[in-house]
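Take a look at the structure below.
The values are calculated or read from the model by the stated rules, or taken from the named source; none is laboratory data. A quick note: this is a predicted structure, and the numbers were derived from the prediction, not measured. As a convention, Cβ positions derive from the backbone with ideal geometry for all residues, glycine included, and neighbour counts pool all protein chains shown. Accessible surface areas use protein heavy atoms only, side chains included; no ligands, DNA or RNA. Shrake-Rupley method; radii C 1.70, N 1.55, O 1.52, S 1.80 Å.
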Amino acid sequence: MLSIVKKFINKVFSNIFRIKKHVKLGLYGNPNSGKTTLANRICQDWLGQDMGDVSNIAHETREIQIKEQINIKSGGKEISFNLVDTPGIATRIDYEEFIKAGLEEKEAKERAKEATKGIIDAIKWLDEMDAVVVVLDSTKDPYSQVNITIIGNLEARKIPVLIVGNKVDLKKASIKKLQAAFPQYEVIGISAKYGTDMDKLYEGLFKMVE
Ligand SMILES: Nc1nc2c(ncn2[C@@H]2O[C@H](COP(=O)(O)OP(=O)(O)OP(=O)(O)O)[C@@H](O)[C@H]2O)c(=O)[nH]1
Ligand SMILES: [Mg+2]
């Protein structure tokens, strides 16, 4: 009888604890790496709704976007996340690139200005995060300054990091190259667009924050 009461009390307590735990999870990475596509995938998986706009033109996300209380289940456990989609971080923004992508000059200049502000905000927000997923494009060279800067910053702040190699559906994708560039981390290959290996990503998330 006593053990049943104990079990009941334990269950109530663990439920309270579970509800209380909100992990602020940031998505960081280069422009166009697929952060918003991943944010939408996660929101679709657990809330059945999208989070933000996706575009093949870089710097689509220029303001921090937050979706609160996404309850994710993995391995028989449940954790509540506040998901933060951030503007892509770049070392250089050239409005002429936006003109080449088809924007009018005025629009291109405005986008460049907003993108610059967005990068500053993204960096400022780093301190707010409990954990960060660095979303890398697995078809691109991993030794880019931006990746190293983001990961170095997170290490210095002792914020847990999960590295995700996105776009594994593309021929040029190489998780091996990413893994070689970041040997101290396990790199998880996914396709945010098609939902490939999302279960591995959720497992990785739980390992990181538990
Ligand atoms: N093939 C493929 N394309 C993807 C994948 N994920 C994203 N994309 C494409 O990559 C482009 C950029 O995606 P976004 O999700 O807007 O990228 P982002 O990192 O949020 O970009 P910014 O907001 O500019 O920083 C879009 O054309 C997406 O459709 C993927 O897994 N596979
Ligand atoms: Mg985006």
Q: Measure off 7 Å from each Cα along the Cα-to-Cβ vector at ASN71 and LYS177, then give the distance between these two points in nanometres to one decimal.
A: 4.2
Q | Förster-model FRET efficiency, 30 Å R0, LYS158 and ASP121, C-beta, rounded to 0.05 | A | 0.90
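What is the dipole size for the chain, taken about its Cα centre, with +1 at each Lys and Arg Cβ and -1 at each Asp and Glu Cβ, in debye to the nearest 20?
900
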**Q.** Positive-end extreme of charge dipole, the range 36-127 - chosen from ILE89, LEU47, LEU126 (charges on Cβ)
**A.** LEU126
Q) Relative to the compact globular guide of 2.2 N^0.38 Å, what is the alpha carbon radius of gyration of the range 109-210, as a ratio? A) 1.13
**Q.** Accessible area of the chain divided out per residue, in Å², using a probe of 1.4 angstrom
**A.** 57
Q.
Only bridges whose two residues both fall in the chain count here: according to DSSP, what percent of them are antiparallel, nearest 5?
A. 30
Q | Mean Cβ neighbour count within 10 Å, used as a protection proxy, ranking 32-43, 108-119, 71-82 highest first | A | 32-43, 108-119, 71-82
Q) Where Lys and Arg each count +1 and Asp and Glu each count -1, what net charge lies around THR139 among other residues with Cβ under 13 Å from its Cβ? A) +4
**Q.** Where only C-alpha atoms are counted, convex hull volume of the chain per residue in Å³
**A.** 131
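When the dipole is taken about the Cα centre of the range 18-90, and only Lys, Arg (+1) and Asp, Glu (-1) are charged at their Cβ, what size is it in debye, to the nearest 20?
460
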(Q) If I compute solvent accessible area with a 1.4 Å probe over the protein chains, what percent of it on the range 62-210 is carbon and sulfur? (A) 48
Q: Report the FRET efficiency, 1/(1 + (r/R0)^6), for GLN184 and GLU78, where r is their Cβ-Cβ distance and R0 is 25 Å, rounded to 0.05.
A: 0.30
Q. Using 17 Å as the cut-off for backbone N distance, which residues of the range 78-105 belong to the label zone defined by a point 7 Å from the Cα of ASP53 along Cα→Cβ?
A. 85-88, 98-99, 101-105
